[in-house]
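Nothing in this text is a laboratory measurement; each read-out follows from the coordinates by a stated rule. All figures in this text were calculated on a predicted structure; none of them were measured in a lab. So basically every Cβ, Gly included, is an ideal-geometry build from the backbone, and we count neighbours across all protein chains shown.
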Amino acid sequence: MSEESIISLKNVNKWFGDFHVLQDVNLEVKKKERIVVCGPSGSGKSTMIRCINRLEEHQEGSIVVDGIELTGNLKNIDNVRKEVGMVFQQFNLFPHLSVKENITLAPIWVKKMPKAEAEELAMRQLEIVKIPEQANKYPGQLSGGQQQRVAIARSLAMNPNIMLFDEPTSALDPEMIKEVLDVMVDLANGGMTMIVVTHEMGFAKTVADRMVFMDEGKIVEEASPDKFFNNPESDRTKLFLSQILHQ
Amino acid sequence: MNEMNAVRKPPVATTGIIGWLRINLFFNWTNSLITLFVVYCLYQFIPWILDWTIFSADFKYNYLGEQITNQEMCSRNLDPENGGACWAVIYVRFYQFIYGFYPKVEVWRVNLAYIMLAFALLPLLYAKLPYRKYFLYFTYIFPVIAYFLLNGGLGFTEVSTNKWGGLLVTLVLGCTGIALAFPIGIMLALGRRSKLPVISMMCTLFIEFIRGVPLITLLFFGMVMLPLFLPEGIDMDGLVRVLVAVTLFQSAYMAEVIRGGLQAIPPGQYEAAKSLGMSYWRMNLLIILPQAIRISIPPIVNTSIGLFKDTTLVIIVGILDLLGIGRGTLADTNWLGLSYEIYFFVSLVFFIFTFGMSRYSLYLEKKLKTGINMGAD
């Protein structure tokens, strides 16, 4: 099994102080697979995906990304981060740089790409997220939805194999959620391996190959969207779904 | 309705001078009373100060038309009823105020250094300067040029630093202190926040020790103790020893100011930079420091102004800066009793420099804020 997996978490444990935030988490993700992770807040879903690019350090178990095991080895961490793109809830654009500079910065300085080539790449990425006209603005001048699309473009510019999304639409006004989700659907249809933490169940139904439900640091249920939404096994999942779909 | 809204202009904030006066100076009777009182005070003070500093003052000649060469010839000493400030002392001692005891034959070197300093500052002050890149190259090599120009070497006659004085010393100490303390301060601030305990502890110890000691103590330390640390036979120049002390002092303060800026950067900025594969140094140089320094501009300028004024303390260890030359002049029997004029002049020179720095920081804040919303949400 693990030969096909591009991401593999085995018995991962992590504590914040005394709080056991990840408890024996096991997850295998195949190439081009789209995983949607959901669960109540504090269930460890953000922490889990942040462990995959080592923004958080796991304390027990093993995480292997694209054949590279995440350990204290800094070289490995750098290599994994080059493979894995991440989009945050709060966008985290660099406010002192223009949109175009936000996107070209990492290709120029990390990948040593010539400036002209990087700018061309940035414009291509902005076309993909449908806001090429904003290239010379600063993040503070954009709406939340536009900022989040720039953040996606910034990640894609590093040409990652895997994209992690940490509640990408939770900080957005309702009318902007769709423009971001549309970009993500395009990305999924393009064959990107994605792990998405989100409560957008409509998105999950259309895009996900597999649903992962977490609660209290454990993966409670893993199932296809069809089974997950129509016939969930655990009571905890049923309760969560009834709450979230009633909104 | 929409059309009407589109053409409607905002209400006019003030209605001319009368309106402004009404709102700001005569809003109610207490306000009016305070305004009248302040106007009365200004009416009393301004004519007097103008008369003393300009209209009744001696510049080169006294009221009898003689050229003033000592304090007894000042109009206000000849006839207390008929005279203001006696600026002749500044005129006569101007050379010392600006150059100290620098040999007159070589003084063109100091003048050239002053002019070059202005050119070196230009690209730092104006980001839109044409050919800024080439000016910046000049800025980087300026310290080396200035060293050989002022100190000698490379064919120039050597001028020992104990002949330097006045504004020259003030500027050398101020500029070098500020320019060196800035990068050292950044390194100390990063070091103090480092996750490596040894580095963090060393930086914290250094900062706390230097900050906990008065500058005067550090100056004495530089004068007396620094030579003990050097191998025998190597003699460290007096001015350099003071410079080391001043720079260490300033870098500790600068470090704390920049650390304040670093703490204001949201953790998301670090995470975004890391997730793009940036190393520690790239992340700090490209993402974190540009934002942190931008936030810290007011306190950075504040401590820099503080240092510029604190350089006057070098008088304690026998170096004659601008204030030192002033006090030396006062001790001269020819110019006894002219303390008003001398302190006024020294204050004015300091004020011109510090006020310039303060205005510049305001300009910089305004410029850097345009179009950038620092809170990224």
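Some notes on this structure:
- Unit charges at the beta carbon, dipole of segment B:211-284: most positive-side option, B:252, B:215, B:266: B:266
- Dipole magnitude of chain B about its Cα centre (Cβ charges: Lys, Arg +1; Asp, Glu -1), debye to nearest 20: 1700 debye
- Mean separation of Cα contacts under 8 Å (6+ apart) over length of segment B:165-371, as relative contact order %: 28 percent
- Each other residue within a Cβ distance under 12 Å of residue A:127 adds +1 if Lys or Arg and -1 if Asp or Glu, for a net charge of 0.
- Between residue B:317 and residue B:148, full extension at 0.36 nm per residue minus the direct alpha carbon distance yields a gain of 58.4 nm.
- Taking 19 Å as the cut-off, the amide N atoms of segment A:177-195 that come nearer than this to a point 7 Å along the Cα-to-beta-carbon line of residue A:127 belong to A:183-184, A:186-191.
- Net charge dipole, the protein assembly as shown: roughly 920 debye, given to the nearest 20, about the Cα centre with Cβ charges of +1 for Lys and Arg and -1 for Asp and Glu.
- DSSP-defined beta bridges in the protein assembly as shown - what % are antiparallel, rounded to 5: 55 percent
- Only helices enter this figure: runs of n ≥ 4 DSSP H residues, each worth -39500 (n - 2.57), summed and divided by the residues of the protein assembly as shown, yield -17500 deg cm²/dmol at 222 nm to the nearest 500.
- Amide H to amide H distances under 5 Å link residue B:336 with B:71, where only residues 5 or more positions off or on other chains count and H is placed in the peptide plane.
- Per residue of A:91-103, other chain Cβ atoms within 10 Å of the residue Cβ number 5 on average.
- Across segment B:190-207, rounded Karplus estimates of 3J(HN,Hα) from the backbone phi angles (6.51 cos²θ - 1.76 cosθ + 1.60, θ = phi - 60°) give 5, x, 5, 8, 5, 7, 7, x, 5, 5, 4, 5, 4, 5, 4, 4, 4, 4 Hz, Gly and Pro being marked x.
- Put simply, when B:82-89, B:135-142 are sorted by average Cβ atoms within 10 angstrom per residue, most first, you get B:82-89, B:135-142.
- Neighbour counts of C-beta atoms inside 10 Å place A:210, B:132 in the sequence B:132, A:210, starting with the fewest.
- The magnitude of the dipole of chain A, with charges of +1 and -1 set on the Cβ of Lys/Arg and Asp/Glu and taken from the Cα centre, is near 540 debye.
- In this structure, the amide hydrogen of residue B:165, modeled 1.01 Å from its nitrogen in the peptide plane, lies closer than 5 angstrom to those of B:100, B:101, B:102, counting only residues at least 5 positions away or on a different chain.
- Taking each residue as 0.36 nm, the span from residue B:201 to residue B:34 lengthens on full extension beyond its C-alpha to C-alpha distance by 54.6 nm.
- Calculated FRET efficiency for the pair residue A:76/residue B:156, C-beta based, R₀ 56 Å, to 0.05: 0.50
- Among B:336, B:306, B:347 - extreme Cα towards positive end, dipole of segment B:271-377, charges at beta-carbon: B:306
- Our summary gives chain A a relative contact order of 26 percent, counting only alpha carbon pairs under 8 angstrom and 6 or more residues apart.
- Pairs spanning more than 20 Å between alpha-carbon atoms, out of B:104/B:163; A:14/A:218; A:31/A:112; A:45/A:75; A:32/A:218: A:31/A:112; A:45/A:75; A:32/A:218.
- Simple rule: put +1 on each Lys or Arg Cβ and -1 on each Asp or Glu Cβ in the protein assembly as shown, find the dipole, and look at A:163, B:162, A:199; the Cα lying farthest toward the positive end is B:162.
- The phi torsions of segment B:278-288, fed into the Karplus equation with coefficients 6.51, -1.76 and 1.60 and a -60° offset, translate into couplings of 7, 7, 3, 6, 4, 4, 5, 6, 8, 10, 7 Hz, rounded to whole numbers, with Gly and Pro shown as x.
- Look at the alpha carbon pairs under 8 Å that are at least 6 residues apart: their mean separation over the length of segment B:124-278 gives a relative contact order of 28 percent.
- Model label sites at residue B:236 and residue B:125, defined 7 Å from Cα along the beta-carbon direction, differ in position by 3.3 nm.
- Residue-wise HN-Hα coupling along segment B:259-269, computed from phi with Karplus coefficients 6.51, -1.76, 1.60 (Hz; x: Gly, Pro): 4, x, x, 4, 5, 7, 7, x, x, x, 5
- Put simply, the amide H of residue A:87, placed in the peptide plane, has neighbours under 5 Å in A:164, A:165, A:166, leaving out anything fewer than 5 places away on its chain.
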